[in-house]
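Only one structure is covered here, and it is reproduced in the block below.
The values are calculated or read from the model by the stated rules, or taken from the named source; none is laboratory data. None of these values were measured; they are calculated from a predicted model. As a convention, Cβ positions derive from the backbone with ideal geometry for all residues, glycine included, and neighbour counts pool all protein chains shown. In case anyone asks, the SASA skips ligands and DNA or RNA and just uses the protein heavy atoms, side chains included. Shrake-Rupley method; radii C 1.70, N 1.55, O 1.52, S 1.80 Å.
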Amino acid sequence: MDTSQSQAHVLEPERQVSFTFLDRLLRENTDQAFIARFDVRVEVTQGFTSSRKGLGAALTQLRVPKNLSTLLYDAIRECWERLMKQKKGRKALILLRNGVDYGSKASLGTANEYAQRADTIIYSIFFAEPLPPYRPLRCESAGLSAVRAVPWLVLDITSRLARACLWKRW
């Protein structure tokens with residue numbers, strides 16, 4: 001989750017959408033999720049777990065730092081290195097962010113390469129102000145697609161994500 005300064009005004013909607021997403025999607029004792037934040041650094045605040053309580057606690061603790069940076073590409077690389085490469089089976093990485101990388105050592109190409117190595121599909125939900133109406137964005141060359149959405153639409157988008165991708169058997 002992007003917790004950089006540019007997300008300060010939308011951190012609470014991001015958090016609420018995440019709570020709802022996990023409530024609707026996470027099948028305890030079957031599915032696992034983790035919470036990581038990225039801003040001036042990348043930090044896994046909750047490793048893989050099926051505990052909604054643990055994931056919720058990690059979401060509650062998220063704060064916006066005073067320094068400026070958004071290490072989006074580094075977050076993808078570090079989450080792969082620390083967590084995802086060890087997991088077998090289907091995986092999805094859902095990014096809640098404003099679409100801007102500022103300060104990563106890794107490039108977009110490197111982030112995409114790491115996601116491919118982990119056999120992971122990346123879904124990105126764009127949170128930023130001002131919030132225009134829903135509009136799909138695409139970055140085909142990087143293999144990423146994003147959705148720009150107002151918070152009330154994100155719940156519908158995440159539900160569609162779940163039906164179309166996460167519960168589908170590959």
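Return the residue satisfying two criteria in turn: it lies in region 81-122 and is in contact (Cβ under 8 Å) with a residue 60 or more places away in the chain and of a type in the set (Gly, Ala, Ser), and of such residues it is surrounded by the fewest Cβ atoms within 10 Å (Cβ to Cβ). Even if it seems obvious, please write down each step before you answer.
First pass over region 81-122, keeping only residues in contact (Cβ under 8 Å) with a residue 60 or more places away in the chain: 90, 92, 94-98, 100, 102-103.
So of that shortlist, the ones also of a type in the set (Gly, Ala, Ser) come out as 92, 103.
Details: Ala92: 14, Gly103: 16.
The residue in question is Ala92.
With the requirement that a residue be over 13 Å from the mean Cα position of the chain (by Cα) and open to solvent by less than 10 Å² (accessible area, probe 1.4 Å), what does region 12-22 give you?
Those that are over 13 Å from the mean Cα position of the chain (by Cα) and open to solvent by less than 10 Å² (accessible area, probe 1.4 Å): none in region 12-22.
Given the structure, is Glu43 among the acidic types (Asp, Glu), in contact with a strand residue (DSSP E or B) (Cβ under 6 Å, 6 or more places away or on another chain) and assigned to a strand (DSSP E or B)?
Working: among the acidic types (Asp, Glu): yes; in contact with a strand residue (DSSP E or B) (Cβ under 6 Å, 6 or more places away or on another chain): yes; assigned to a strand (DSSP E or B): yes.
In short, yes.
Please work out which one of (1) surrounded by fewer than 17 Cβ atoms within 10 Å (Cβ to Cβ); (2) of a type in the set (A, V, I, L, M); (3) at pLDDT below 95 is the condition Ala57 fails and give its number.
The number of the failed condition is (3).
Name the one entry in Val42, Val64 that is within 21 Å of Thr120 (Cβ to Cβ), aliphatic (A, V, I, L, M) and surrounded by 14 or more Cβ atoms within 10 Å (Cβ to Cβ).
Val42
Filter region 99-129 down to residues that are touching a Leu at 6+ places or on another chain (Cβ under 9 Å) and of a type outside the set (Phe, Trp, Tyr), then give me how many there are. Lay out the reasoning, then the answer.
Of the residues in region 99-129, the ones touching a Leu at 6+ places or on another chain (Cβ under 9 Å) are 99-106, 108, 111-112, 115, 118, 120-127.
Pick out the ones that are also of a type outside the set (Phe, Trp, Tyr) and you get 99-101, 103-106, 108, 111-112, 115, 118, 120-122, 124-125.
Looking only at that region, the number is 17.
Condition first: within 22 Å of Asp74 (Cα to Cα) and small (Gly, Ala, Ser). Now tell me which residues in region 1-53 satisfy that.
If the condition is that a residue be within 22 Å of Asp74 (Cα to Cα) and small (Gly, Ala, Ser), then Ser4, Ser6, Ala8, Ser18, Ala33, Ala36, Gly47 are the ones that fit.
Does Leu59 satisfy the condition of being touching a Phe, Trp or Tyr at 6+ places or on another chain (Cβ under 9 Å), in a helix (DSSP H, G or I) and farther than 25 Å from Asp119 by Cβ?
Values: touching a Phe, Trp or Tyr at 6+ places or on another chain (Cβ under 9 Å): yes; in a helix (DSSP H, G or I): yes; farther than 25 Å from Asp119 by Cβ: yes.
So Leu59 passes the test.
Which condition does Glu78 not pass, out of (1) surrounded by 17 or more Cβ atoms within 10 Å (Cβ to Cβ); (2) assigned to a loop (DSSP other than H, G, I, E, B), if it passes all the others?
Failed condition: (2).
Please go through region 18-40 and give me each residue that is part of a helix (DSSP H, G or I), over 23 Å from Ser69 (Cα atoms) and not aromatic (Phe, Trp, Tyr), ordered by number. Full working, then the answer.
If we filter region 18-40 for residues that are part of a helix (DSSP H, G or I), which is where we start, we get 18-25.
Filter once more, so that each one left must be over 23 Å from Ser69 (Cα atoms): 19-25.
Matches in region 18-40: Thr20, Leu22, Asp23, Arg24, Leu25.
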